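Asker: Sharing a structure, written as structure tokens. Questions coming.
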Amino acid sequence: MPFASLGLSAPLLRAIADHDYTEPTPVQSAAIPAILRGADVWASAQTGSGKTAAFALPILQLLSSSPRPRGRFVRTLILAPTRELAAQIADAILAYSRFLPEPIKTMAIFGGVSINPQMMDLGGGADVIVATPGRLLDLIEHNAVSLAQVSTLVLDEADRLLDLGFTDEVNRVIALLPAKRQNLLFSATFPSAVQSLAAALLHDPLRIDVPAEPATTPDITQRAIEVDPLRRTQLLRHLVQENKWPRVLVFVATKYATEHVAEKLRKAGLNAQALHGELSQGARTRVLADFKASKIQVVLATDLAARGLDIEELPVVVNFDLPRSAADYTHRIGRTGRAGESGIAINFVSAGTHAHFRLIEKRHHLDLPREQITGFEPEEIAAPLPPPSTGGIKGKRKSKKDKLREAAGLPPTTPSPATGDTTILPTNQPTSRAIEPNESGELFPWRPHQTSVRRPH
Ligand code: AMP
């Protein structure tokens, strides 16, 4: 279905052509006509699915067909979990609105920077505010903006908003909105907290479940390399240099580790920088801009700092520290293999993290061969584990009976398997596997699946 048949106006179609989008993504095909006719929407869509344009384009069309009220009002409010995502969405909206006859005043609002310029800029209101919830509430308390005339509310990455502890703030913001409004909720996953929020917020929504079409399935090669924890920095340097990767995003567990590993890589001659939530907004923006402009080769990031980043041509993501959850794994590796490019996601696995990685693999129905890189073979050996089962994680827990037997120094009732999966495979062959929905029913963009659009009963 071409963009022209979705009901978008000529200036927006021109902006789409300017972006070289040839056809709408599935979430765009489903959401754009629904939003244009004023419906509420509940979409399961990930970063990379084209969801920003799916809500931004019809919202711009609706905004451009009526004038902005006078005063400190805002007409469209978009809540996003992180500063980077808010800035990214605001940039996209500005780009899509380029050819509209009247300018659409769009502002990104987030904490970590001085509030005064934001208060000044809000003079006269705005058409669109893309905000993180905390700073928005601060501005409302300062009477810098009123939500009384909001006609459209978007919650983007709603699962992450709640995960990051913004539930109270989101509810406080919602309480300030007029009762009659359009609500659009986008989320990669739908845990119960998001479902409750959706139930409270949405009126007769169009529900859109849009995993990617096979044609747009990202081509991400996932690899697991065994290495002792203390040798990871050296191995990282070796891999970056050996493979001549132009840009590498490396995930580490803590802010301290981002700085520490970046420092070690710089000493080893690589252009590396840390990206974490405690950097000033200016510093974060600079690191990202330099990374995108290829002035930085390696960025060491925490999950929070890297959430929602859209970096074109990012060939490699490295999990230096493994993610805590299977959902974070999805978010992390989804930074690569975007916009039809292929990507590599590398996991450093040690004896200590082996069992945790197996759980992540199990959640994603993966069984990656363990690789070793010559010169970096681990000395620590992981304890054998049973092969992945198809049962729940609970299946790995010891039974009460076995715990009692263990306490009494007796062997378990079911003997451990003689061999686990820790056998070192003498292979450097990477494996690429499609990720299936996990046990919570989460859908991932690279899962070949039919698009379905349905209304709930
Ligand atoms: P998003 O899911 O909104 O983060 O978008 C992911 C990327 O897809 C962004 O770089 C967009 O510019 C791009 N994009 C959005 N819609 C389309 C489309 N219809 N065709 C090609 N690329 C698109």
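The values are calculated or read from the model by the stated rules, or taken from the named source; none is laboratory data. Computed from a prediction, not measured in an experiment: that's the story for all the values here. Cβ placement follows ideal geometry from the backbone for every residue including glycine, while neighbour counts extend to all protein chains displayed.
Asker: Does region 22-35 contain any residue that is touching a Ser or Thr at 6+ places or on another chain (Cβ under 9 Å), within 20 Å of Leu79 (Cβ to Cβ) and modelled with pLDDT of 95 or more?
Answerer: The answer is yes, given that some residue of region 22-35 is touching a Ser or Thr at 6+ places or on another chain (Cβ under 9 Å), within 20 Å of Leu79 (Cβ to Cβ) and modelled with pLDDT of 95 or more.
Asker: Counting just the residues of region 310-329 that are under 19 Å from Lys244 (Cβ atoms) and surrounded by fewer than 17 Cβ atoms within 10 Å (Cβ to Cβ), which one comes out farthest from the ligand (Cβ to nearest atom)?
Answerer: Only one residue tops the list, namely Pro315.
Asker: Under the condition of being touching a helix residue (DSSP H, G or I) at 6+ places or on another chain (Cβ under 7 Å) and of a type in the set (Lys, Arg), which residue from region 333-365 is farthest from the ligand (Cβ to nearest atom)?
Answerer: The extreme case among them is Arg363.
Asker: Another question, if that's okay. Among the residues that make up region 93-101, is at least one of them in contact with a Lys or Arg (Cβ under 9 Å, 6 or more places away or on another chain) and not aliphatic (A, V, I, L, M)? I'd like the intermediate steps shown before the answer.
Answerer: So the first thing to find is which residues in region 93-101 are in contact with a Lys or Arg (Cβ under 9 Å, 6 or more places away or on another chain), and the list is 98-99.
Restricting the remaining residues to those that are not aliphatic (A, V, I, L, M) gives 98-99.
Within region 93-101 (the criterion being in contact with a Lys or Arg (Cβ under 9 Å, 6 or more places away or on another chain) and not aliphatic (A, V, I, L, M)), the answer is yes, since at least one residue qualifies.
Asker: Does at least one position in region 153-162 carry a residue that is touching a strand residue (DSSP E or B) at 6+ places or on another chain (Cβ under 6 Å) and assigned to a helix (DSSP H, G or I)?
Answerer: Checked region 153-162: at least one residue is touching a strand residue (DSSP E or B) at 6+ places or on another chain (Cβ under 6 Å) and assigned to a helix (DSSP H, G or I).
Asker: Would you check if there is a residue in region 217-230 being surrounded by fewer than 18 Cβ atoms within 10 Å (Cβ to Cβ), free of Cβ contacts under 8 Å to residues at least 24 places away in the same chain, part of a helix (DSSP H, G or I) and not assigned by TED's automatic domain parsing to the domain that holds Asp321?
Answerer: No; the residues of region 217-230 include none that is surrounded by fewer than 18 Cβ atoms within 10 Å (Cβ to Cβ), free of Cβ contacts under 8 Å to residues at least 24 places away in the same chain, part of a helix (DSSP H, G or I) and not assigned by TED's automatic domain parsing to the domain that holds Asp321.
Asker: Looking at region 380-397, is at least one residue closer than 24 Å to Val261 by Cα and modelled with pLDDT of 90 or more?
Answerer: So far as region 380-397 goes, no, none of its residues is closer than 24 Å to Val261 by Cα and modelled with pLDDT of 90 or more.
Asker: Would you mind stating whether Ala53 is without any contact (Cβ under 8 Å) to a residue 60 or more places away in the chain and within 9 Å of the ligand (Cβ to nearest atom)? Reasoning before the result, please.
Answerer: Values: without any contact (Cβ under 8 Å) to a residue 60 or more places away in the chain: yes; within 9 Å of the ligand (Cβ to nearest atom): yes.
Judged against the criteria, Ala53 is a match.
Asker: Here is a check on your reading of the model: is Ala86 assigned to a helix (DSSP H, G or I), in contact with a Phe, Trp or Tyr (Cβ under 6 Å, 6 or more places away or on another chain) and within 16 Å of the ligand (Cβ to nearest atom)?
Answerer: Yes: the conditions hold for Ala86.
Asker: Kindly evaluate Ser66 against the criterion of being over 23 Å from Glu341 (Cβ atoms), free of Cβ contacts under 8 Å to residues at least 24 places away in the same chain and either touching a His at 6+ places or on another chain (Cβ under 7 Å) or in a loop (DSSP other than H, G, I, E, B) (or both). First the steps, then the outcome.
Answerer: Details: over 23 Å from Glu341 (Cβ atoms): yes; free of Cβ contacts under 8 Å to residues at least 24 places away in the same chain: yes; either touching a His at 6+ places or on another chain (Cβ under 7 Å) or in a loop (DSSP other than H, G, I, E, B) (or both): yes.
In short, yes.
Asker: Is one or more of the residues making up region 101-115 in contact with a strand residue (DSSP E or B) (Cβ under 8 Å, 6 or more places away or on another chain), within 25 Å of Arg207 (Cβ to Cβ) and in the same structural domain as Thr132 (by TED's automatic domain parsing)?
Answerer: No, region 101-115 contains no residue that is in contact with a strand residue (DSSP E or B) (Cβ under 8 Å, 6 or more places away or on another chain), within 25 Å of Arg207 (Cβ to Cβ) and in the same structural domain as Thr132 (by TED's automatic domain parsing).
Asker: Here are Gln118, Gln46, Gln28: which of them is crowded, with 19+ Cβ neighbours inside 10 Å, within 16 Å of the ligand (Cβ to nearest atom) and assigned to a helix (DSSP H, G or I)?
Answerer: After ruling out the rest, the residue left standing is Gln28.
Asker: Scan region 57-107 residue by residue and report those that are of a type in the set (Asp, Glu) and more than 27 Å from the chain's Cα centre (by Cα).
Answerer: Correct list: Glu102 only.
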